[in-house]
């Protein structure tokens, strides 16, 4: 089965994460002109000014500060959810439309579908799915204990249909909470970008163990040369395509080549791996800015 996105669905339903400068920008960003979104095998072409800006940033954050950021990663995300509670991200009702496998991978309509939402946040993805599909069971984990508690406190949370738990995907074994080879679909939606590139393979190998043979990973995250990447100020660069926000959380911007190699080295087969290019307008400044995301599908071989 292929992963399909209609242009109208991307324009109307795509909930892109906020830019790095803070939550105040979330309400200032909206799609420019419908129909300008497109699926592409290459990322966008940078302007000469953008090329100069990226090329001039050669100084990296000190090793000491980088070690501190890694050590305090969980604390920084917990503080993020303490500040923003459940109000920062919109519910992701677009997910089933963009990732047809969440509905269409069954052999028959009433078949139970087991999903792992890796990096569930406060449940913006899982609760719309649970409402929409009665034949789904969701394992939901997050790095932040506070985020997991918000999930458990949600009125829609039902232990018979959802199991939420705290997990550091880079070191905690998922099989302590999820049976080996039991999951049909794993979603990694704006999650892997928050992980240090050196540890991303640990996450991919971790989810591989709980997937059934033939199970799929549905991935969506920041793409190379996204506008957010160009907004980082001097002193924010941690490494190639890797930056730190003002609140201490980090973000990596993926090339399709890097992502394909990451998954294939862990045993997955690539089915689709493309950039989603769209434009949004900053209402406050009246500027149309280019967003780039990477949307991909990987299968665990039979």
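Coordinate-derived values only; no laboratory data. Here the structure is a predicted model, which is why all the values come from computation and not from measurement. In this analysis, Cβ positions are derived from the backbone assuming ideal geometry, glycine residues included, and neighbour counts consider all displayed protein chains.
By the count of neighbouring beta-carbon atoms within 10 Å, fewest first, 294, 113, 202 end up ordered 202, 113, 294. Rg/Rh, computed from the Cα trace of the range 206-289 with Rh as the Kirkwood radius, has the value 1.05. Taking the fewest neighbouring Cβ atoms within 10 Å as the starting point, the ordered list for 158, 288, 167 is 158, 288, 167. The calculated FRET efficiency for residue 54 paired with residue 198, based on their beta-carbon distance and R0 = 22 Å, is about 0.50. Put simply, the Cα atoms of the range 142-268 extend 48, 35, 23 Å along their principal axes, the longest span coming first. Each residue in 184, 247, 78 was given a count of other beta-carbon atoms within 10 angstrom of its own, and listing them fewest first yields 247, 78, 184. The three principal axes of the Cα atoms in the range 102-188 give end-to-end lengths of 36, 29, 20 Å, sorted in falling order.
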